[in-house]
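For reference, the structure discussed in these notes is given below.
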Amino acid sequence: MEAFRYFNRDISWLSFNERVLMEAGNEAVPLMERIRFLSIYSSNLDEFYRVRMPYLQKNALQNAANNAYLEAGAIINRQQEEFGRILGKSIIPALARQGFHFLYKEPISEQIAAFARRYFYTQIAGFLQPVYLNDKTSFFPENNQIYMVVVLQLPGDKEKIALVNIPVPQLDRFVKIRQSDGEYIIFLEDLIRCNLNVLFTDALDIKAFNIKVTRDAELDLLDEDGDDTAEQVEKQLSKRDFGLATRFLYEPGLSLRHLQYIVNVFDLKKASLVEGGRYHNLKDLSSLPVASPAISYPAWPAAQHLEGFEESETLFEALTRRDLMVHAPYQTYDTILRFFNEAAIDRSVQEIYTTMYRVAHDSKIAHALISAAKNGKKVTVLVELKARFDEANNIRWAKKMKSAGVKIIHSVNALKVHAKLALVKRRHETHPYLGLLATGNLNEGTARFYTDHILLTAHPTMLKETEQLFGFLSKKKKPEKIDVMHFELLLVAQFNLQNRFLALIDREITNARNGLPAGITIKLNNLEEEVLINKLYEASNAGITIKLIVRSICRLVPGVPGQSENIRIKRIVDRYLEHGRVFIFHNNGQPEVFMGSADWMNRNIYRRIEVSFPIYHEDLKKQLTDMLALQWADTVQAVWIDENLQNVAVTTLPGGVRSQEAIYHYLTGPVRNFKNTLP
């Protein structure tokens, strides 16, 4: 038997970012949203260079046969060309039709030159700090900051090279000027470029080129653990923007001689040298000053009413009757805020436990936890300090909560806690435990545009197991063989999660081989881990129909005879970021439904504490299966991932299904007609 095939993890991620770019090129999408998709693509790519390119480059140096680094570079180059085509040939002309003249690679005309000079003197000049380069230059280009290399021809046939900072975020990246024939939008660096003669008055000739350096984002934490985890992380954060350069992006036209000089001066020899466009950091396009309801998505106000919860009762009273579920952002996140707010003021509440992975910038949940502690309750919060790019904000909140009397615990350095949990213990005869288990972060900011599912429950066994897990986490240690913890209902990574999912798939395989109905539907953000993928391949070979909805990384290769001919994969990109993880197993006509925090990635399975959990309430199980059925039926925003890792359009018929819109109406009004074909 031939070995199973897998897609390369990083090439599959680039396939996802290409799908984002496709949305930017889709003229059926409102113009401002297309611009935002360009911004998302650019931001994603910056993170890829910070996080993944160093890894690919290292592998390529160690193994010449590993061509993923070169393949990734070629793919990115093609995508960047498409990015430029979409922006220059489609979006900029569309902006002009809306009355916005976006000066992109255009000189500043005489018509607005006077404004440009005045703006330079009054708003920009005070932020500029030119540096002349030489072999002894100690200047260090910061990560992902834009600079302008200025080549100066001076009297006496002399040449100097200077570096000029582009002062973002101190100033807006784009400047809007109102003229009689419409509004002009100009890049900040172009306003600087046209006034360089003010900075370099003795130059006979001036040439300028924009550059950017991207640096490795990895934090080098010690394996040893103690009480100074926050201090360790803070020290490493202060070094992050001074990490190894992974990419040097420069504007076309910079001569090879000057390029090599800059590489030597700034020690960029190990970085990928990438000739980009004139403009860098196009993630800033999200702040382009053209916002208008006419060119944006129509508003979808979140549903305020939650099935099973009446405003005449408290949320805690409702949970003693039945489980509730919030589907963000379609339904109001206020219910989740209320859970913590009621816990903060309810006199019967004695203890509150919660995990926080990415804390909102001005977190109402954290404020409620602070109030709870000041109201005399025992509050314990596990704040994950190693949530990439949110470390500083999480440390800030951890300190603030600790100073208010909240007990703060952290994970061990070698392990992240990614589970999304909250537990309330109170004096109550029948329901002393109330809890919350979710697929996404307890963050009211991201809840506005991440699709997630949050279970609110008083299920005694599930919540006692949650308490058991919090007890282990408070010890701040890695799981060892001596840590015998029996989870009957919860699926907990490091303890039983992988084995439980394998057993659930095995049961479907057994049913299929016995001639019983079988089927698997799974929705994930990322699918990488080979043990679980191999089990899905085995299930496919047993004749089981497997439906996967995978947003981003996907290493499973579908549609391969003898491996995966019964597996199909869809990818959905739309106005909201698909983020929920849902698992449905047919179970011979008695479907079992699970949700959870865990993708099937190596990091989630082997290096994190994750929690998945069953859904028991029949109405909530139906909601989830109906929602996944709508997503599987999507013919507008979904694409197939084929056996060549291509994003293949779903054949669209008149009146096709756009799943996010259909789900919005399903949860907020009349249900659209659809056929639920899931197990």
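We did not get these values from a lab; they are worked out from the coordinates using the rules stated. Note that the coordinates shown come from a computational prediction; the quantities given were computed from them, not determined experimentally. Virtual Cβ from ideal backbone geometry, glycine too; neighbours counted across all protein chains shown.
Fully extended, how many nm does the chain gain between L489 and T651 (0.36 nm per residue separation, minus their Cα-Cα distance)?
54.3 nm
Sequence-distant or interchain residues sharing an amide H contact under 5 Å with F7, placed H: which?
The answer is L556, V557.
Please state, to two decimals, what the Cα-based radius of gyration of region 508-649 comes to when divided by 2.2 N^0.38 Å (N = residues).
Taking the Cα Rg and dividing by 2.2 N^0.38 Å, one obtains 1.01.
Report the FRET efficiency, 1/(1 + (r/R0)^6), for A114 and L61, where r is their Cβ-Cβ distance and R0 is 56 Å, rounded to 0.05.
Working from the Cβ atoms, E equals 0.55.
Rounded to the nearest 5, what % of DSSP beta bridges with both residues in the chain are antiparallel?
The answer is about 65 percent antiparallel.
At q = 0.17, 0.20, 0.21, 0.27 Å⁻¹, what log₁₀ I(q)/I(0) does region 1-60 have when each alpha carbon counts as one equal point scatterer in the Debye sum?
Each listed q maps to, in turn, -0.66, -0.79, -0.83, -1.06.
Eigenvalues of the Cα gyration tensor times 5, then square-rooted: what semi-axes does that give for region 416-560, in whole angstrom, largest first?
Semi-axes from the Cα gyration tensor: 31, 19, 17 Å.
For region 315-473, what is one quarter of the convex hull surface built on the Cα atoms, given in nm²?
Spelled out: convex hull of the Cα atoms, projected over all directions, averaged, 8.6 nm².
If I stretch the segment between A94 and I345 completely, what's the gain in nm (0.36 nm per residue apart, minus their alpha carbon distance), one decimal?
Result for the pair: 85.1 nm of gain on full extension.
Can you work out ³J(HN,Hα) from phi for every residue in region 499-505, in order, using Karplus 6.51 cos²θ - 1.76 cosθ + 1.60 and θ = phi - 60°, giving whole Hz and x for Gly and Pro?
Taking θ as phi minus 60°, the curve returns 5, 5, 5, 4, 5, 5, 5 Hz for region 499-505.
With a cut-off of at most 12 other beta carbons within 10 Å, and DSSP calling the residue loop, which chymotrypsin sites (Phe, Trp or Tyr not before Pro) in region 424-504 qualify? Please list them.
Filter output for region 424-504: F449.
What whole-number volume per residue, in cubic angstrom, does the convex hull of the C-alpha atoms of region 398-437 give?
So the per-residue Cα hull volume is 100 Å³.
So if R0 is 51 Å, what FRET efficiency would K478 and E81 give, r being the distance between their Cβ atoms, rounded to the nearest 0.05?
0.65
For the pair A3 and D202, how long in nm is the line joining their label points, each one 7 Å along Cα→Cβ?
6.5
So if I place +1 on the C-beta of Lys and Arg and -1 on the C-beta of Asp and Glu, and nothing else carries charge, what would the dipole magnitude of the chain be about its Cα centre? I want it in debye, nearest 20.
Magnitude of the dipole: close to 560 debye.
By count of other Cβ within 10 Å, fewest leading, how are S287, S411, S597 ordered?
Listed from fewest to most nearby Cβ atoms, that is S287, S411, S597.
Hey, what angle do you get for helix 334-345 against the long axis of the chain, alpha-carbon based, 0 to 90 degrees rounded to 10?
70
Dipole magnitude of region 315-473 about its Cα centre, charges +1 at Lys/Arg Cβ and -1 at Asp/Glu Cβ only, in debye to the nearest 20?
So the magnitude is around 480 debye.
Among K416/K464; K374/K621; K105/K136; K535/K621; K378/K477; K105/K160, which pairs are too far apart, with a Cα-Cα distance over 27 Å?
K374/K621; K105/K136
Amide H of S564: which non-local residues (sequence gap of 5 or more, or other chain) have their own amide H closer than 5 Å, using H built in the peptide plane?
G559
Taking every pair of Cα atoms in the chain, average 1/r, invert it to obtain the Kirkwood radius, and report Rg/Rh to two decimals.
Using Cα coordinates only, the ratio equals 0.99.
Find how much the distance from K364 to A503 grows on full extension, using 0.36 nm per residue of separation minus their present alpha carbon separation; answer in nm with one decimal.
46.1 nm
Any chance you could list the semi-axes, whole Å, largest first, of the equivalent ellipsoid that the Cα gyration tensor gives for region 30-118, using √(5λ)?
Whole-Å semi-axes of the equivalent ellipsoid: 37, 16, 12.
Which of the trypsin sites (Lys or Arg not before Pro) found in region 424-472 are in a DSSP loop and have at most 11 neighbouring Cβ atoms, other than their own, within 10 Å?
Those that pass, being in a loop and sparsely packed, are R427.
Long-range amide H contacts for I609: which residues qualify at under 5 Å (H placed 1.01 Å from N, peptide plane, sequence gap of 5 or more or a different chain)?
Placed amide hydrogens put K416, V417, H418, A419 under 5 Å from I609.
Treat every Asp and Glu Cβ in region 544-674 as -1 and every Lys and Arg Cβ as +1, leave all other atoms uncharged, and give the resulting dipole magnitude about the Cα centre to the nearest 20 debye.
For region 544-674, the charge dipole is close to 300 debye.
Sort 55-64, 75-84 for me by packing, meaning the mean count of neighbouring Cβ atoms within 10 Å per residue, highest on top.
The most tightly packed comes first, giving 75-84, 55-64.
Which order do the peptides 36-45, 585-594 take when ranked by the mean count of other beta-carbon atoms within 10 Å per residue, highest first?
36-45, 585-594
For region 398-468, which GluC sites (Glu not before Pro) pass both filters: DSSP loop (anything but H, G, I, E, B) and at most 11 other C-beta atoms within 10 Å?
Here the GluC sites (Glu not before Pro) that fit, given the DSSP loop and packing criteria, are E429.
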